[in-house]
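The values are calculated or read from the model by the stated rules, or taken from the named source; none is laboratory data. None of the values given here were measured: they were computed from a predicted structure. Accessible surface is based on the protein model in full, side chains and every heavy atom, while ligands, DNA and RNA are left aside. Shrake-Rupley method; radii C 1.70, N 1.55, O 1.52, S 1.80 Å.
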Amino acid sequence: MSTAQTRARTWIVFLLALAALAADAQNSPQQPSQANGRWHDISIDEYRQHLVALSALVDSCAKARNVKGCDPTLIGQDDRVPIVVGSQTENRLVRYGWLRVLFAKAEEPDEKTAPAVKPSSGIKAGSNQIQPTTSDFLTDAKVRLENDVAQSHAPEAPIPDHAAERAAMEQVLAGPDFRNLKRQSVTDSAWEKLGNWLNRLLASAGNLRSHSKWVGRTIVWGFIFGVCVVLVYSLVRLERRWRLRLTIDVDRPAPGAPSARDWQLWLEDARRAAASGLWREAIHFVYWAAISRLESRRLWPADRARTPREYLALVAPEDPRRPGLSELTSTFERFWYGGRLAGENDYQNAESLASTLMSGGSPAGSAPLSTAPEGGAR
């Protein structure tokens with residue numbers, strides 16, 4: 001038999017086996033169960049006996065070539081055989097669908113026909129290539145069964161430890177090219193699973209679209225709409241956080257903030273400057289004493305880079321302390337930044353306003369505060 005004939009017979013056997021597997025997949029679920037009668041658990045000795053019986057059936061079918069001798073039901077159920085792999089035992093399912101298809105075909109007589117030769121196959125149209133017959137397939141089936149019997153008697157091959165290969169791989173991974181190589185983290189695995197799920201979702205949407213256009217479009221556009229809603233919601237929350245200028249709530253203010261220094265110390269500096277006749281410096285100190293006192297009461301977050309007008313803008317319009325702080329701020333800016341000469345009356349008015357703000361009362365009827373330290377002033 002020529003090489004071309006052998007190759008053609010091999011391809012036809014392969015195609016018949018694929019057809020048998022497709023027929024089994026359509027008639028049985030993906031995970032076979034013992035209740036459906038498609039297979040049964042047997043030992044390795046019973047598996048060998050079944051193979052020998054099947055080989056005898058192939059001989060009988062090849063001789064008789066009729067419905068009785070080539071009945072596919074004579075083949076019986078598929079076998080599930082325990083196979084020892086290392087220290088574990090696995091169950092291998094051996095199917096005989098290919099042999100059932102062959103027996104069903106063997107009930108008919110052989111028909112020898114010349115194969116259709118393609119121009120690109122390199123075989124001349126006038127060559128004497130003959131298509132393999134069913135008898136040839138039966139011969140190949142007997143050879144296959146005999147090989148399976150011989151393989152079942154073969155000793156168990158030891159599992160190689162691959163020590164040399166493992167050492168070579170470790171040496172390669174220890175090189176500079178793989179120095180920054182890191183194992184995939186749990187987060188990366190989760191993102192990969194999410195991406196695979198999205199790919200399957202979009203693929204299923206594409207399949208639905210081929211059957212019903214509106215279903216596929218609804219799924220795709222619904223997914224896009226959901227992503228847009230999540231993005232817009234995230235941006236809105238981020239914008240609100242930036243607008244509110246959330247700060248970390250700590251026990252002590254940042255260095256350089258007015259409340260980092262006790263308001264009593266600011267007030268003492270103001271009175272010492274007033275005793276020396278330094279009225280501008282005294283107004284400067286009394287203003288920051290008021291700011292330190294209000295800031296220590298958490299009227300606003302501590303910030304060393306804020307201007308007097310920014311402090312005033314942080315007070316709500318309905319706050320009763322806003323008019324007093326506005327007047328004190330104007331006095332401070334007029335004498336400190338404006339460079340005007342200040343007198344004792346100007347300082348007394350500024351201290352009166354600061355005392356009212358620091359005591360939390362209304363501007364009317366205010367009295368100077370004591371410089372004695374208070375508990376919890378900060």
Next on the checklist: Which order do you get for 311, 47 if you rank them by accessible area with a 1.4 Å probe, largest at the top?
Outcome noted: 47, 311
Checklist outcome for this item: From most to least accessible, 1.4 Å probe, no ligand or DNA/RNA atoms counted, 336, 221, 279 line up as 221, 336, 279
Checklist entry - Counting only the heavy atoms of the protein chains, how much of residue 61 is accessible to a 1.4 Å probe, in Å² to the nearest 10? => result 0 Å²
Checklist outcome for this item: Non-local residues with an amide H under 5 Å from the amide H of residue 321, with H modelled 1.01 Å from N and Pro and chain starts lacking one, are none
Next on the checklist: Using protein chains only and a probe of 1.4 angstrom, how many square angstrom of residue 337 are accessible, to the nearest 10?
Outcome noted: 140 Å²
Checklist outcome for this item: With N residues in segment 283-356, Rg(alpha-carbon) / (2.2 N^0.38 Å) equals 1.06
